[in-house]
Amino acid sequence: MKRMMMVAASAAVLLAAGPAAAAGVDKKAVLSTYADIAHAKYEDSLVAAKTLKVAVDALVAAPSAETLAAAKAAWVAARVPYQQSEAFRFGNAAVDEWEGKVNAWPLDEGLIDYVNPDTYGTESGENPLYTANIIAHPKLKVAGKSLNASKVDKKLLEKLHEAGGVEANVTTGYHAIEFMLWGQDTNGTGPGAGNRPASDFDTKNCTGGNCDRRVAFLVAATDLLVDDLKTMVDGWGAKGKIRAKLLKGKPDAGIATIVTGLGSLSYGELAGERMKLGLMLHDPEEEHDCFSDNTHNSHFYDAKGIQNVYLGQYTRIDGTQVKGPSLSDLIAAKDATLDADMKAKLEATMTAMGVLVKTAESGESYDQMIGAENAPGNAKVQAAIDALVAQTRSLEKAVAVLALGEVKFEGSDSLDNPTAVGK
Amino acid sequence: MRLPLLLVVTGLALASPALAAPDYRPLLNQTAAGPILGGYKSFQASAARLEQSVQGFCAAPDNAALDRVKAGFVAALAGWQKVQWVGYGPVEAFHRGQRVQFWPDKKNAGDRQMLALIKDRKADALEAHRIPFASVAIQGLPALEMLLYADSQAGKLLANPEETAFRCQLLSGIANNLHRIGGELVSEWEKPGGTIDMLKSIDSGATPYADNRQAASQLFNALHGQLTAIAEVKLSYALGASAEDARPSRAESWRSQQSAANIVHNLEALRETFAIGLAPLLSSVGKTDQADKLIRAADDSLAALAQLMAPMEVEMTHAEGWKRLNVVKAKVKAVAQILETDIANSLDLQVGFNALDGD
């Protein structure tokens, strides 16, 4: 269960805002820009996923340090547009329902492949399939029933995704592929990412056992990612259902959708679940891209996506721009000071995120930054959390100014009352 | 953090002009001086006794002394459950709440981190000067429970002198931490200029609260939030759809089998707050009947808990026991329902967030 915090415009603010201030900005045009940016981001994600597929095919055809490095680089590049699309997740029910297939996290990687029991452990009260190791087992037992897993293909991966109703059983999407390419990060909060050898995919000189099944898993997961991204590109295309629903609905409901997405990602999801929780636990497993140590980029591009949706201006991976009337314009027409404040807060977040990227690129990865007793690293992460919370506060004022009525932002157990927890 | 954030933009001051605004000050003051400060003092005292029992065990380790440590753990846990509903104020600062009890732990972080710490013999991570910087999952009640009750760990407490000495360092570190955090909470509430004083001076305009109603809303939401947490997390999450589907290890204190006792302590604390704080306020607006109804509903849920025939971790695994727990859940939800409808209306307060949609 997700907890929501409701933001409602007070009667007083409603009266103060008045009807006259709407001057000049067409809400439908704002929604149209929003849908255009969504389409561009998912299309970019699809292009990058196809490039990843080419690199994965090259890896499994001729496993070597070079082909593995190329596949990893393609994965990192594929994350850039996708993370920027996360601003569309909350608020758009169709995206939120779909999202679990491509970006489910965190995952119990022992479900998929071998892990080091010393760092991973051997059992979990939460997950009976904690160490099921699909790659090593053509026969599995799921919720008391035996399951034929002899053929590792897209169908099997889809069947085992969230097996037993446990969300940490992730077999599809970016993070399953990430685990395939990097392997478990056994360095804790010390330096180093996952370090899977290319020979894990070498059916002739196989390390790690069952290389044929591991290859099949990686290929199937990458194919599925491409398939799933196509769904989103279609959904936001000129004749797409998600776009149509947004543009044919009440304009204010559409604007509320935009704000919900920005607020929920800023607050509950990114600041709370992905950052604050990891910081409290000093736990590398709570790192979003924990196998690849690419978390700094994931967070940076999440924030970037929030900023460019607000501004109505997205730079595509080919360098071209998608831009048009924006939420920023809409707010500026009613309260120019608030718009300026919002822009400054978004920029402050990008600065704080930039510090994380710079720190990671100079050798101290995100999981080290959240380590216990790394006060300077902890402070950098906390600064980014604070910036995200601050931009959420400004966004709440925007809800009031736009007189959107009740808007719900995703909350977080880690930021909010720890006892009022959700499933 | 969420409630003030939310309430800044809510404010239904204009929504009910016909109603004379209730005077929220007695509610705030009585609750702060009574259930909250009293609860924190009891927790602090129980944590102090726990620490003493650990010292006793470590000085002369034997089974009788270990039993005293376990009793000390159970009492400290009970003490915490009485104030668990207070999710705001000093407990929010420095992660104090999560440090006392990080739960639910869906990624198994506590077990994982404790196992790593035990494997690496890193007892110094729990020394007083380092523990505030350690993971919240290894410094509180769940970590202590794991050391005392987990199948893989409990036997090692008296396995040999070296093992006992090592585990004593861990037990002492955690017990001392709990004692210290309890002391901080008491002090932060009662010190001059502390939370109690601040709640008395909201009218001065110099506090983070816009008005007394906002502070009352925060309190009201915390009470409601505890009820939701009992129904949805402490019960539903572990109960699943049937006895076959039930997961005892998802219960709050499954290793010590205190999960049902926890709920009893939660409800007793809420009932006390209803009686001391909400009932007089309801009477002041002519709604004594609603106060009676609320307290009756709280009593009903406690009575349903008294019907359990075995620890909740056992009850949920067979059909009859599962049904009894499901009754508890329904009764707890009924209490929440009275708060969020009748009483919210009568007191011009509102439940500011919901926890309805699943994922």
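Test B:Leu117 against the stated conditions and say whether it is in a helix (DSSP H, G or I), modelled with pLDDT of 90 or more and within 13 Å of A:Ala372 (Cβ to Cβ). Yes: the conditions hold for B:Leu117. Number of residues in the range B:193-227 that are in a helix (DSSP H, G or I), without any contact (Cβ under 8 Å) to a residue 60 or more places away in the chain and among the polar types (S, T, N, Q): the value is 1. Among the residues of the range B:230-246, those identified as touching a residue at least 60 places away in the same chain (Cβ under 8 Å) and not hydroxyl-bearing (Ser, Thr, Tyr) are B:Ile230, B:Ala231, B:Glu232, B:Val233, B:Leu235, B:Ala238, B:Leu239, B:Ala243, B:Ala246. One residue stands out in the range A:269-320 among those that are of a type in the set (Val, Ile, Thr) and under 26 Å from A:Ala344 (Cβ atoms): the one that is farthest from the other protein chains (Cβ to nearest Cβ), namely A:Thr315.
Among the candidates B:Ala137, B:Ala93, B:Ala175, the residue that is crowded, with 21+ Cβ neighbours inside 10 Å, out of contact with any Ser or Thr (no Cβ under 9 Å at 6 or more places or on another chain) and of a type outside the set (D, E, K, R) is uniquely B:Ala137.
A single entry from B:Trp254, B:Trp189 fulfils the requirement of being in a helix (DSSP H, G or I) and more than 25 Å from B:Leu339 (Cα to Cα): B:Trp189. Flag: A:Ala332 does not match the condition of being part of a helix (DSSP H, G or I), at pLDDT 95 or above and closer than 30 Å to B:Val136 by Cα. Which one is surrounded by the fewest Cβ atoms within 10 Å (Cβ to Cβ), of the residues in the range B:235-262 that are within 29 Å of B:Leu66 (Cα to Cα) and at the interface with chain A (Cβ under 9 Å from one of its Cβ atoms)? My answer is B:Ser249.
The residues of the range A:353-369 that are farther than 18 Å from A:Ala303 by Cβ and free of Cβ contacts under 8 Å to residues at least 12 places away in the same chain amount to a single one, A:Ser362. Would you say A:Gly188 is more than 15 Å from A:Asn133 (Cβ to Cβ) and modelled with pLDDT under 95? Taking the combined requirement at face value, the residue satisfies it. In the range B:166-192, the residues that are assigned by TED's automatic domain parsing to the domain that holds B:Phe57 reach residues that are modelled with pLDDT under 95 and in a loop (DSSP other than H, G, I, E, B) with C-beta atoms within less than 7 angstrom, at least six apart or across chains, in these pairs: B:Phe166/B:Arg121; B:Gly173/B:Glu127; B:Asn176/B:Ala128. Screening A:Ser45 on (1) in contact with an Asp or Glu (Cβ under 8 Å, 6 or more places away or on another chain); (2) buried (at least 23 other Cβ atoms within 10 Å of the Cβ) shows it passes everything except condition (1). Residues in the range B:133-153 that are without any contact (Cβ under 8 Å) to a residue 40 or more places away in the chain and either among the acidic types (Asp, Glu) or in a helix (DSSP H, G or I) (or both) were compared, and the one that is farthest from the other protein chains (Cβ to nearest Cβ) is B:Leu147. Is it the case that some residue within the range A:211-225 is touching a residue at least 40 places away in the same chain (Cβ under 8 Å), under 23 Å from the mean Cα position of the chain (by Cα) and surrounded by fewer than 19 Cβ atoms within 10 Å (Cβ to Cβ)? Yes, because at least one residue in the range A:211-225 is touching a residue at least 40 places away in the same chain (Cβ under 8 Å), under 23 Å from the mean Cα position of the chain (by Cα) and surrounded by fewer than 19 Cβ atoms within 10 Å (Cβ to Cβ).
Are any of the residues in the range A:81-90 touching a strand residue (DSSP E or B) at 6+ places or on another chain (Cβ under 8 Å) and within 22 Å of A:Lys53 (Cα to Cα)?
Here is the first cut: in the range A:81-90, the ones touching a strand residue (DSSP E or B) at 6+ places or on another chain (Cβ under 8 Å) are A:84, A:90.
Next, from what is left, pick out any that are within 22 Å of A:Lys53 (Cα to Cα): A:84.
Yes, some residue in the range A:81-90 is touching a strand residue (DSSP E or B) at 6+ places or on another chain (Cβ under 8 Å) and within 22 Å of A:Lys53 (Cα to Cα).
Here B:Asp111 clears all of (1) under 30 Å from B:Pro208 (Cβ atoms); (2) not in a loop (DSSP other than H, G, I, E, B) except the condition numbered (1). Residues in the range A:139-158 that are surrounded by 14 or more Cβ atoms within 10 Å (Cβ to Cβ) and touching a strand residue (DSSP E or B) at 6+ places or on another chain (Cβ under 9 Å): A:Leu140, A:Leu147, A:Ala149, A:Leu156.
The condition (being touching a helix residue (DSSP H, G or I) at 6+ places or on another chain (Cβ under 6 Å) and either in contact (Cβ under 8 Å) with a residue 60 or more places away in the chain or surrounded by fewer than 16 Cβ atoms within 10 Å (Cβ to Cβ) (or both)) is satisfied by just one residue among B:Leu281, B:Leu302, B:Leu308: B:Leu281. Counting only helices (runs of 4 or more DSSP H) that sit wholly inside the range B:1-77, those with at least 1 residues that are modelled with pLDDT of 95 or more and within 14 Å of another protein chain (Cβ to nearest Cβ) are B:37-59.
The residues listed here are B:Ala269, B:Ala275, B:Ala215; of these, the one that is aliphatic (A, V, I, L, M) and either in the same structural domain as B:Lys70 (by TED's automatic domain parsing) or closer than 30 Å to B:Leu147 by Cβ (or both) is B:Ala269. When restricted to residues that are in contact (Cβ under 8 Å) with a residue 40 or more places away in the chain and more than 11 Å from chain B (Cβ to nearest Cβ), the range A:105-137 contains 11. Restricting attention to the range A:93-116 and to residues that are crowded, with 20+ Cβ neighbours inside 10 Å and of a type in the set (A, V, I, L, M, F, W, C), the residue that is modelled with the lowest pLDDT turns out to be A:Trp105.
Looking for something crowded, with 22+ Cβ neighbours inside 10 Å, within 11 Å of chain B (Cβ to nearest Cβ) and in contact (Cβ under 8 Å) with a residue 40 or more places away in the chain - is there at least one such residue anywhere in the range A:337-352? No, because not a single residue in the range A:337-352 is crowded, with 22+ Cβ neighbours inside 10 Å, within 11 Å of chain B (Cβ to nearest Cβ) and in contact (Cβ under 8 Å) with a residue 40 or more places away in the chain. Each residue in the range A:374-416 was checked for being within 9 Å of chain B (Cβ to nearest Cβ), part of a helix (DSSP H, G or I) and within 17 Å of A:Glu269 (Cβ to Cβ), and 4 of them qualify.
The values are calculated or read from the model by the stated rules, or taken from the named source; none is laboratory data. Everything numeric here is computed off the predicted structure, so don't read it as measured data. Positions of Cβ are generated from backbone atoms using ideal geometry, with glycine treated the same way; all protein chains shown enter the neighbour counts.
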